[in-house]
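K.L.:
Here it is, the structure, as structure tokens.
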Amino acid sequence: MLEQINMLREKGQNELNALNSTDQLPEWYYRYLGRKGDLTSLLKQLGTLSSEERPAMGKVINEVKQELQESFELRQKTLRETNLSQQLEIDDLDVTLPGRPCTTGHLHLTTQTLRRIYKIFQEMGFQVYEAPEVESDEFNFQLLNIPEYHPARDMWDTFWVNDEVVLRTHTSPGQIWAMREYYPEPIRVILPGKCYRFEQITPRSEHQFFQVEGLAIGKNIRLTDLIGVMSEFAHKMYGVERKVRFRGSYFPFTEPSIEIDMSCSCGEEDGTESSGCRLCKYTGWLEVAGAGMVHPAVLRNGGYDPEEWSGFAFGMGVERPALLKHNIDDIRYFYGNDLRFLQQF
Ligand code: FA5
């Protein structure tokens, strides 16, 4: 039997070395190492040997099996490499190379800022409410206490679609939509969305920008509630060291009205060109929102009786807070689609 094993080993090695294609490998494997292969049938014949011979012969067969297995793997590797290099000589496409990695995108800075704003207001109990982006003159102006020919219309340079339809100049018309939907319940919503203004583009102003409107309607809501909410927002958004300033102002749909400024990232406020920056026009402050107590006429247009209900509203830019947060000195980078800018955030 030993002779038989040695012959099988030699024949197997010779035939393996003579193979010149990977296609021939399975057949060889089946013949020598497979379940019905020659080595397996030798193992089966062990039963015919005496109990003294059997262990030694079993050991030899297993050693040969192991040796042929290793030779097979080596030959397989060599043939595969030869095949590949032959293939590359015919055609220089190497299909085994790893593919080029895909570049993955990420959220735009405006979306990131919006999500941050949502989270802060959500923690204060506000929910998100969406209103139309293309508005009627009635909702964008009239129901907000700005009749036709009212001089306050000059505050918003408007893109008119036709005599009746506008691209909304601010998110404030959403106040009316929300009030009409929620009446007679108290309201605490923020209304995010795009706004459009036909105005000169500057480092702080774009034609198209985002606002987040806020509206709280209830019994006994006061100006101090508005100031508290906006101070809390500023501290959560920028940290306690950022200063907030409330200035008296005028909007036809709020009474009284205020404007909210944040201290500029340049950290200067002495008003001289040498110390400030162009974003804050060398004042040290950047206006980020208009706000006030909802005007009785607007409450009424939304269905709420001003004798019984009161509320505050604010309309805040989104890009300007992002400018402050990330020390960006020009709003025009936002929608310029320059990846070198966008990839930084
Ligand atoms: C308004 O739009 C009022 N609707 C805000 C308001 C709402 C007042 C509710 C009272 C009650 P204003 O025009 O100031 O106000 O704009 C509000 C904010 O939007 C600004 O402070 C600024 O942050 C942002 N903003 C306005 N115009 C532009 C622009 N062209 N580009 C970028 N951001 C702008």
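The values are calculated or read from the model by the stated rules, or taken from the named source; none is laboratory data. Everything numeric in this text was worked out from a predicted model, so none of it was measured. Heads up, the Cβs are rebuilt from the backbone with ideal geometry, glycines too, and the neighbour counts pull from every protein chain shown. The protein model used for the area step is the full one, side chains on, heavy atoms only, and it has no ligands, DNA or RNA in it. Shrake-Rupley method; radii C 1.70, N 1.55, O 1.52, S 1.80 Å.
K.L.:
Quote the FRET efficiency, to the nearest 0.05, computed for residue 48 versus residue 100 with a Förster distance R0 of 51 Å and r equal to the Cβ-Cβ distance.
P.N.:
Result of the calculation: an efficiency of 0.25.
K.L.:
Run the accessible area of segment 13-98 with a 1.4 Å probe and give the carbon-and-sulfur part as a rounded percent.
P.N.:
It is 52 percent, rounded to a whole number.
K.L.:
Return one number: the angle in degrees, 0 to 90 and rounded to the nearest 10, between the long axis of the Cα atoms of helix 223-238 and the longest principal axis of the Cα atoms of the chain.
P.N.:
Computed tilt is about 30 degrees.
K.L.:
All other residues with a Cβ under 14 Å from the Cβ of residue 198 taken together, and with Lys, Arg as +1 and Asp, Glu as -1, what is their net charge?
P.N.:
-1
K.L.:
Loop only per DSSP, at most 14 neighbouring Cβ atoms within 10 Å: give me the GluC sites (Glu not before Pro) in segment 170-270, ordered by residue number.
P.N.:
199, 241
K.L.:
Once the whole set of protein chains is in place, how much accessible area is left on residue 285, using a 1.4 Å probe, in Å² to the nearest 10?
P.N.:
30 Å²
K.L.:
Specify the angular offset, from 0 to 90 degrees and rounded to the nearest 10, of the alpha carbon long axis of helix 53-90 from the longest principal axis of the alpha carbons in the chain.
P.N.:
Compared with the principal axis, the helix lies near 50 degrees.
K.L.:
Which one, 89, 308, 255, has the greatest fluctuation when you compute a Gaussian network model over the chain with C-alpha springs under 10 angstrom?
P.N.:
Residue with maximal mean-square fluctuation among 89, 308, 255: 89.
K.L.:
Where does the chain land on the Kirkwood hydrodynamic radius, alpha-carbon pairs, in angstrom?
P.N.:
26.4 Å
K.L.:
Ok, one more. Which values of log₁₀ I(q)/I(0), to two decimal places, follow from the Debye formula for segment 193-345 at q = 0.13 Å⁻¹ with a uniform point scatterer at every Cα?
P.N.:
Treating every Cα as an identical point scatterer, log10 I(q)/I(0) equals -0.67.
K.L.:
For an R0 of 45 angstrom, estimate the FRET efficiency from the Cβ-Cβ distance between residue 7 and residue 80 and round to the nearest 0.05.
P.N.:
0.95
K.L.:
Among 64, 16, 85, which residue has its Cα positioned farthest towards the positive end of the charge dipole of segment 2-90, with +1 placed on the Cβ of Lys and Arg, -1 on the Cβ of Asp and Glu, and the dipole taken about the Cα centre?
P.N.:
64
K.L.:
Further, regarding this structure: Taking a probe of 1.4 Å, how large is the accessible area per residue of segment 2-90, in Å²?
P.N.:
69 Å²
K.L.:
So, with +1 on the Cβ of K and R and -1 on the Cβ of D and E, and no other charges, what is the size of the charge dipole of segment 2-90 about its Cα centre, to the nearest 20 debye?
P.N.:
Value, rounded to 20: 300 debye.
K.L.:
If I model a spin label as a point 7 Å beyond the Cα along the Cα-Cβ vector, how far apart are those points for residue 219 and residue 152 in nm?
P.N.:
Each label point is offset 7 Å from its Cα along the Cβ direction, giving 2.8 nm.
K.L.:
How tilted is helix 2-18 with respect to the longest principal axis of the chain? Cα atoms for both, answer in degrees (0 to 90, nearest 10).
P.N.:
The angle comes out near 50 degrees.
K.L.:
For the chain, give the magnitude of the charge dipole about the Cα centre (Cβ charges: +1 Lys/Arg, -1 Asp/Glu; no others), in debye to the nearest 20.
P.N.:
1080 debye
K.L.:
On full extension of the chain, what length is gained from residue 159 through residue 122, given 0.36 nm per residue of separation minus the C-alpha to C-alpha distance?
P.N.:
Difference between extended and current length: 10.1 nm.
K.L.:
Suppose the chain between residue 17 and residue 245 were pulled fully straight at 0.36 nm per residue; how much longer would it get relative to their current alpha carbon spacing?
P.N.:
Extending this stretch completely gives an extra 73.4 nm.
K.L.:
With a cut-off of at most 11 other beta carbons within 10 Å, and DSSP calling the residue loop, which GluC sites (Glu not before Pro) in segment 119-162 qualify? Please list them.
P.N.:
148
K.L.:
Give me the accessible area per residue for segment 215-320, probe 1.4 Å, as a whole number in Å².
P.N.:
Here the residues of segment 215-320 average 43 Å² of exposed surface.
K.L.:
Of all the C-alpha pairs in segment 2-90, what % are more than 15 Å from each other?
P.N.:
That tail contains 61 percent of the Cα-Cα pairs.
K.L.:
Give, as a single signed number, the net charge of other residues whose beta carbon lies under 11 Å from the beta carbon of residue 96, with Lys and Arg counted +1 and Asp and Glu -1.
P.N.:
My count for the surroundings of residue 96 gives -1.
K.L.:
Then there is this: Tell me the net charge near residue 65. Cut-off is 15 Å between Cβ atoms, residue 65 excluded, with +1 for each Lys or Arg and -1 for each Asp or Glu.
P.N.:
Charge balance near residue 65 sits at +1.
K.L.:
Amide H neighbours of residue 283 under 5 Å, counting only residues 5+ apart in sequence or on other chains, H built in-plane at 1.01 Å?
P.N.:
277
K.L.:
Residues in segment 3-41 near a label at residue 87, defined as backbone nitrogen under 17 Å from the 7 Å Cα→Cβ point?
P.N.:
So the set is 20-26.
K.L.:
Now a separate question. How about segment 241-320: which trypsin sites (Lys or Arg not before Pro) there are in a DSSP loop, with at most 15 other Cβ atoms within 10 Å of their Cβ?
P.N.:
Listed in order of number, the matching sites are 242, 243, 278.
K.L.:
Pick out, from 253, 107, 205, the residue whose Cα sits farthest towards the positive end of the charge dipole of the chain, with +1 on the Cβ of Lys and Arg and -1 on the Cβ of Asp and Glu.
P.N.:
107
K.L.:
By the 4.7 Å beta carbon criterion, which cysteine residues of the chain come out unpaired?
P.N.:
102, 195 - these cysteines have no disulfide-compatible partner (Cβ-Cβ under 4.7 Å) in the chain.
K.L.:
Under a straight-distance cross-link criterion of Cα-Cα below 29 Å, which lysines are reachable from residue 281, leaving out those fewer than 8 residues away in the same chain?
P.N.:
Hits, sequence-local ones excluded: 194, 236, 243, 325.
K.L.:
Additional query: Say we join alpha carbon atoms closer than 10 Å with springs in a Gaussian network model of the chain; which of 276, 99, 284 then has the biggest fluctuation?
P.N.:
99
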